[in-house]
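Report on the structure given below.
The values are calculated or read from the model by the stated rules, or taken from the named source; none is laboratory data. Computed from a predicted structure; not experimentally measured. Note: ideal-geometry Cβ built from the backbone for every residue, glycine included; neighbour counts use all protein chains shown. For the accessible areas, the whole protein counts, side chains as well, though only heavy atoms, and no ligand, DNA or RNA atoms are used. Shrake-Rupley method; radii C 1.70, N 1.55, O 1.52, S 1.80 Å.
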Amino acid sequence: SCRRGEPHRALVRECLTRDFNFSQFLCAELLPASITTVKEMVMLPCQDNTKCLSIFLYCLFVELAASMGPKNLDGSLYMTEAKWLEFESGWEAMNHLAEESEQDIYDRIMYKKAENLGLPFVKSKPESRAVV
């Protein structure tokens, strides 16, 4: 049996009960305030001095990569190179949760989306946000 102690159960519970849609986050379809639930989790210590965020993001990666599994068993149809780059930008943005605000994290995603589209992004200009 794979029985683990209470710290492991608590970690799994934390990762599985967070109300956060990473796909919408990557598309900049979430409000910055929705990042708060993940930011709260960042401060929780996990086994071996790692942060829950790394494990949470890994679980999200696995979930996304396997999302089209029922359609084909020959590998991930979802996790193409383009999707990986998008995921990676979200992973990198989330790694700043401990020292930046939710708005700053959201702006990182907006900036990356604008960059990928070849558009300028000026966070202080509402029209720049509207275009991205």
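Can you list which of the DSSP-assigned H helices in the chain have a Cα extent of 15 Å or more along the long axis and an average Kyte-Doolittle score of at least -1.0? Intermediate values should be presented prior to the final figure.
Details: long enough: 6-17 (16 Å, -0.45); 52-65 (20 Å, 2.19); 81-94 (20 Å, -0.63); 102-117 (23 Å, -1.21).
Counting only whole DSSP H runs, the qualifying helices are 6-17, 52-65, 81-94.
Roughly how many Å² is the accessible area per residue of the chain, as a whole number, for a 1.4 Å probe?
65
Could you give the length gained on full extension between Glu88 and Cys27, defined as 0.36 nm per residue of separation minus the Cα-Cα distance, in nm? Before the final figure, lay out each step's value.
Numbers: separation 61, 0.36 × 61 = 21.96 nm, distance 1.28 nm.
The Glu88-Cys27 span can extend by a further 20.7 nm.
Bin all alpha-carbon pair distances of the range 10-132 at 5 Å intervals from 0 and give each bin's fraction as a whole percent.
Using 5 Å bins, I get a P(r) of 2, 10, 20, 21, 18, 14, 9, 4, 1, 0 for the range 10-132.
Using a simple spin-label model with points 7 Å from Cα along the Cα→Cβ vector, what separation in nm is obtained for Arg18 and Lys125?
For Arg18 paired with Lys125, the spin-label model returns 3.3 nm.
Per DSSP helix of 4 or more residues, -39500 (n - 2.57); summed, then divided by the residues of the chain. What does that give at 222 nm, rounded to the nearest 500?
Details: 7 runs with 74 residues, N = 132.
About -17000 deg cm²/dmol.
May I ask you to derive the FRET efficiency for Met68 and Glu6 from their Cβ-Cβ distance with R0 = 41 Å, giving the value to the nearest 0.05? Before the final figure, lay out the partial values.
Working: r = 35 Å, r/R0 = 0.85.
So the FRET efficiency works out to roughly 0.70.
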